[in-house]
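First up is the structure itself, then whatever we jot down about it.
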Amino acid sequence: METNISHTRGDTFKRTITIKDKNDTAIDITWSVITFSLKNKISDATFVLQSVATLTDPTNWIADIDISWASMNIDLKNYYFDIERVDALWQVITFLKWNFTIVYDITT
């Protein structure tokens, strides 16, 4: 799935992720690692930041991404992100990706 996210520089980034299969059934993600990755350019070898999600209810495919305000205090610009799952069998599935724009804040 592709989506655009706009986020205010220096604000904590919190998202709860609930992913279901094509039949709208929750999938067990026990023993999975879900990672949020952010890059300047898709082809870059290095990340601007990465964060591993907390599996808050893995049997119902619910995980939380929580990135501190300090980590989100990055340049105002468009980045590229994805969120992927690596399961116990080392199968990699990218389930969300696209543009991530950091926008200005007024109160600092």
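The values are calculated or read from the model by the stated rules, or taken from the named source; none is laboratory data. Quantities reported herein were computed from a predicted structural model and do not represent experimental measurements. Because the Cβ atoms are built from the backbone with ideal geometry, glycine has one as well, and the counts that use them run over all protein chains shown.
Does any residue in segment 40-60 that is touching a residue at least 12 places away in the same chain (Cβ under 8 Å) and within 18 Å of residue 101 (Cα to Cα) come within less than 6 Å, Cβ to Cβ, of a residue that is part of a loop (DSSP other than H, G, I, E, B) and small (Gly, Ala, Ser) six or more places away or on a different chain, and which pairs are these?
So the pair list comes out as 49/71.
Going through 99, 78 one at a time, which residue ends up being assigned to a strand (DSSP E or B), without any contact (Cβ under 8 Å) to a residue 40 or more places away in the chain and either within 16 Å of the chain's Cα centre (by Cα) or surrounded by 15 or more Cβ atoms within 10 Å (Cβ to Cβ) (or both)?
78
Might you let me know whether segment 26-42 holds any residue that is small (Gly, Ala, Ser), in contact with an Asp or Glu (Cβ under 7 Å, 6 or more places away or on another chain) and assigned to a loop (DSSP other than H, G, I, E, B)?
Of the residues in segment 26-42, the ones small (Gly, Ala, Ser) are 26, 32, 37.
So of that shortlist, the ones also in contact with an Asp or Glu (Cβ under 7 Å, 6 or more places away or on another chain) come out as 32, 37.
Keeping just the survivors that are assigned to a loop (DSSP other than H, G, I, E, B) gives 32.
Among the residues of segment 26-42, at least one is small (Gly, Ala, Ser), in contact with an Asp or Glu (Cβ under 7 Å, 6 or more places away or on another chain) and assigned to a loop (DSSP other than H, G, I, E, B), which makes the answer yes.
Taking residue 71 as the residue in question, decide whether it is under 13 Å from the mean Cα position of the chain (by Cα), without any contact (Cβ under 8 Å) to a residue 60 or more places away in the chain and either over 23 Å from residue 106 (Cα atoms) or assigned to a loop (DSSP other than H, G, I, E, B) (or both).
On the way: under 13 Å from the mean Cα position of the chain (by Cα): no; without any contact (Cβ under 8 Å) to a residue 60 or more places away in the chain: yes; either over 23 Å from residue 106 (Cα atoms) or assigned to a loop (DSSP other than H, G, I, E, B) (or both): yes.
Answer is no for this residue.
Filter segment 46-68 for residues that are more than 14 Å from the chain's Cα centre (by Cα) and assigned to a strand (DSSP E or B); which is modelled with the highest pLDDT?
56
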